[in-house]
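So the structure is just underneath, and the comments pick up after that.
The values are calculated or read from the model by the stated rules, or taken from the named source; none is laboratory data. Nothing here was measured: the structure is a model prediction, and the numbers come from that model. Because the Cβ atoms are built from the backbone with ideal geometry, glycine has one as well, and the counts that use them run over all protein chains shown. Calculation scope for accessible area: heavy atoms of the full protein, side chains included, ligands and nucleic acids excluded. Shrake-Rupley method; radii C 1.70, N 1.55, O 1.52, S 1.80 Å.
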Amino acid sequence: MLHLIVKKLWNAFADLLPIILVISFFQLVVIQQPLPDLAGVVFGTVLVIFGLALFVQGLEMGLFPIGEAMAEALARKGSLFWLLVFSFMLGFCTTVAEPALIAVADKAAETASQAGLLAEGKPAMQQYALGLRLVVACSVGTAILIGVLRILRGWPVHYLIIGGYALVMLMTLVAPQEIIGIAYDSGGVTTSTITVPLVAALGVGLASIIRGRNPMVDGFGLIAFASLLPMVFVMGYGIVLFGGK
């Protein structure tokens with residue numbers, strides 16, 4: 001057990017080492033100043049190493065197995081309806097609780113209020129931020145649903161991705177400028193600590209249980225959809241809210 005703990009901590013430290021080296025180099029060689037509050041920085045880094053090690057262990061013990069197990073159980077049950085409902089709700093619930101999305105939505109609401117795009121007052125900001133989160137969550141749920149259908153039907157992933165990004169480019173031409181950057185960022189923040197493990201496990205679990213599917217070929221790609229559709233949905237949200245160009 002001690003050997004396993006040390007190994008996990010060492011792996012976490014190795015993952016963080018490039019960041020530590022880059023920050024140390026620029027602080028000491030380029031900026032030529034010692035790190036402020038060195039003791040606090042070192043203690044915080046140690047906490048990050050422990051946290052990262054625990055997080056990875058939690059993924060391996062909890063999120064990955066439960067995602068694969070539920071996907072396999074629903075596939076064996078043979079109910080397409082419940083499989084699609086589960087896929088949508090998994091994408092929606094993991095995204096609406098995503099800390100990165102909450103932070104971006106709050107900052108977007110604050111910036112929009114300062115720019116005079118929203119009515120004055122905190123309620124308008126909260127409503128805009130909540131609407132943005134719900135739109136992104138619905139888009140991810142829809143993306144996972146489409147991705148599951150792709151696995152079931154054997155659709156080529158590159159056709160869907162190319163078509164999706166073509167739609168993103170077309171919507172960029174008509175969406176208001178105030179929403180385009182937020183839409184692009186929304187595609188990135190959805191694929192973070194909560195969403196990715198469960199979605200990846202769902203895809204691999206389905207591709208493993210369905211005859212004729214290869215987990216390496218068909219099991220991955222759901223996360224790409226989860227990054228793509230939020231851009232489309234958020235630009236559509238901006239068009240409805242602010243009007244097109």
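The table below gives the values:
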{"quantity": "Test for Thr111: is it under 24 Å from Ile66 (Cα atoms) and either of a type outside the set (A, V, I, L, M, F, W, C) or open to solvent by 50 Å² or more (accessible area, probe 1.4 Å) (or both)", "calculated": "no"}
{"quantity": "Flag for Ile182 being closer than 15 Å to Ile102 by Cα, touching a residue at least 60 places away in the same chain (Cβ under 8 Å) and either out of contact with any Asp or Glu (no Cβ under 8 Å at 6 or more places or on another chain) or among the small types (Gly, Ala, Ser) (or both)", "calculated": "yes"}
{"quantity": "Conditions (1) in a helix (DSSP H, G or I); (2) surrounded by 16 or more Cβ atoms within 10 Å (Cβ to Cβ); number of the one not met by Gly181", "calculated": "(2)"}
{"quantity": "Elements of type helices (runs of 4 or more DSSP H) in region 74-171, at least 3 residues being touching an Asp or Glu at 6+ places or on another chain (Cβ under 8 Å)", "calculated": "99-114, 122-153"}
{"quantity": "Residue selected from region 192-245 under the condition among the aromatic types (Phe, Trp, Tyr) and open to solvent by 30 Å² or more (accessible area, probe 1.4 Å), by the criterion nearest to Ile151 (Cα to Cα)", "calculated": "Phe220"}
{"quantity": "Scan of region 1-13 for residues that are of a type in the set (A, V, I, L, M, F, W, C) and either more than 17 Å from Phe43 (Cα to Cα) or in contact with a strand residue (DSSP E or B) (Cβ under 7 Å, 6 or more places away or on another chain) (or both), ordered by number", "calculated": "Met1, Leu2, Leu4, Ile5, Val6"}
{"quantity": "Index of the failed condition, Ala73 passing every other in (1) open to solvent by less than 70 Å² (accessible area, probe 1.4 Å); (2) touching a residue at least 40 places away in the same chain (Cβ under 8 Å); (3) more than 14 Å from the chain's Cα centre (by Cα)", "calculated": "(2)"}
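Residues checked against (1) assigned to a helix (DSSP H, G or I); (2) open to solvent by 100 Å² or more (accessible area, probe 1.4 Å); (3) modelled with pLDDT of 85 or more; (4) among the acidic types (Asp, Glu):
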| site | (1), (2), (3), (4) |
| --- | --- |
| Leu9 | yes, no, yes, no |
| Pro18 | yes, no, yes, no |
| Val29 | yes, no, no, no |
| Pro36 | no, no, no, no |
| Val41 | yes, no, no, no |
| Val48 | yes, no, yes, no |
| Gly51 | yes, no, yes, no |
| Phe55 | yes, no, no, no |
